[in-house]
């Protein structure tokens, strides 16, 4: 089994990359006081827009930029309702997920499933080190070693204190949503342009909800987020390794391995965690 895990390690890193990007984005959003359940929908829309632009332009760069744009539209909708109108964040995020699933499915069938990537994105070594090394370092410096990061984290702990100090909670939350949109857009684009040969219905397969769980497992810190994502990636890679080894295990049982392992780890290791005091509050 150890040999299987070691052989699956490179695949685990690649498979977990879009999840890690989503985790990093959601961590920033939650540190600012927002629970964005709509990150699943952000990734799904980004996956579709990335292929829709990359297909006619034959440009992976434009595809990723389009993915960021699609995620930004969803983030804008989330921000308008939750920051502008102070609507319930859980309800708004859930509604955006339903909108994303229904909207992308409608367009996919309208195009008769023609959203196939014609871009050859062979080099994944550009996104992988960004997700696993560069972005965590940049976000750590931004959140814990800058005055902006201090104010952003204060928005998630005590928004009233930020307002009393003369700073705008809404502005910091909008900026957090912008960061999340970029990372979720890259995650969706990676799913459709790198891990797949195009867009498929509901291709995010719950990764947004797994990202939410990993943020909690990691206690809203980047080191914990990296660990939780790595565990999910190893479980996903193990699933493919066991399929290839032809050990006679039921196919549907193998598909459930990453989610079961992640659930067990979250239940056993998360323990008592203290969320930011202002999380989910206007």
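The values are calculated or read from the model by the stated rules, or taken from the named source; none is laboratory data. Everything numeric here is computed off the predicted structure, so don't read it as measured data. All Cβ positions, glycine included, derive from the backbone under ideal geometry; neighbour counts span all protein chains shown.
On inspection, residue 171 passes the criterion of being surrounded by fewer than 17 Cβ atoms within 10 Å (Cβ to Cβ), out of contact with any helix residue (DSSP H, G or I) (no Cβ under 9 Å at 6 or more places or on another chain) and modelled with pLDDT of 95 or more.
Pairs, please: C-beta under 8 Å, at least 6 apart or cross-chain, first residue more than 20 Å from residue 206 (Cβ to Cβ) and in the stretch 246-274, second surrounded by 14 or more Cβ atoms within 10 Å (Cβ to Cβ) and modelled with pLDDT under 75? Pairs found: 249/242.
Counting the residues of the stretch 197-211 that are part of a helix (DSSP H, G or I) and buried (at least 19 other Cβ atoms within 10 Å of the Cβ) gives 4. As a summary of the residue check, residue 262 satisfies the conditions (1) at pLDDT below 75; (2) surrounded by 13 or more Cβ atoms within 10 Å (Cβ to Cβ); (3) farther than 25 Å from residue 137 by Cα except for the one numbered (3). In the stretch 30-55, what count of residues is obtained for those that are in contact (Cβ under 8 Å) with a residue 24 or more places away in the chain, more than 17 Å from residue 101 (Cα to Cα) and assigned to a helix (DSSP H, G or I)? Of the residues in that region, 4 qualify.
Table: residues versus (1) within 21 Å of residue 172 (Cβ to Cβ); (2) out of contact with any strand residue (DSSP E or B) (no Cβ under 8 Å at 6 or more places or on another chain); (3) modelled with pLDDT of 90 or more.
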position	(1), (2), (3)
1	no, yes, no
24	yes, yes, yes
33	yes, yes, yes
40	no, yes, yes
57	no, yes, no
62	no, yes, yes
70	no, yes, yes
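With a requirement of 1 or more residues that are within 19 Å of the chain's Cα centre (by Cα) and in contact (Cβ under 8 Å) with a residue 60 or more places away in the chain, the helices (runs of 4 or more DSSP H) lying completely within the stretch 78-189 that satisfy it span 89-110, 135-144. Among the numbered conditions (1) crowded, with 22+ Cβ neighbours inside 10 Å; (2) modelled with pLDDT of 90 or more, the only one that residue 217 does not meet is (2).
Here is a list: 117, 105. Which entry is in contact with a helix residue (DSSP H, G or I) (Cβ under 9 Å, 6 or more places away or on another chain), surrounded by 14 or more Cβ atoms within 10 Å (Cβ to Cβ), modelled with pLDDT under 95 and over 21 Å from residue 25 (Cβ atoms)?
It is 117.
Of the residues 156, 198, the single one that is more than 16 Å from residue 17 (Cα to Cα) and touching a strand residue (DSSP E or B) at 6+ places or on another chain (Cβ under 6 Å) is 198. Among residues that are at negative phi and surrounded by fewer than 19 Cβ atoms within 10 Å (Cβ to Cβ), residue 98 is included.
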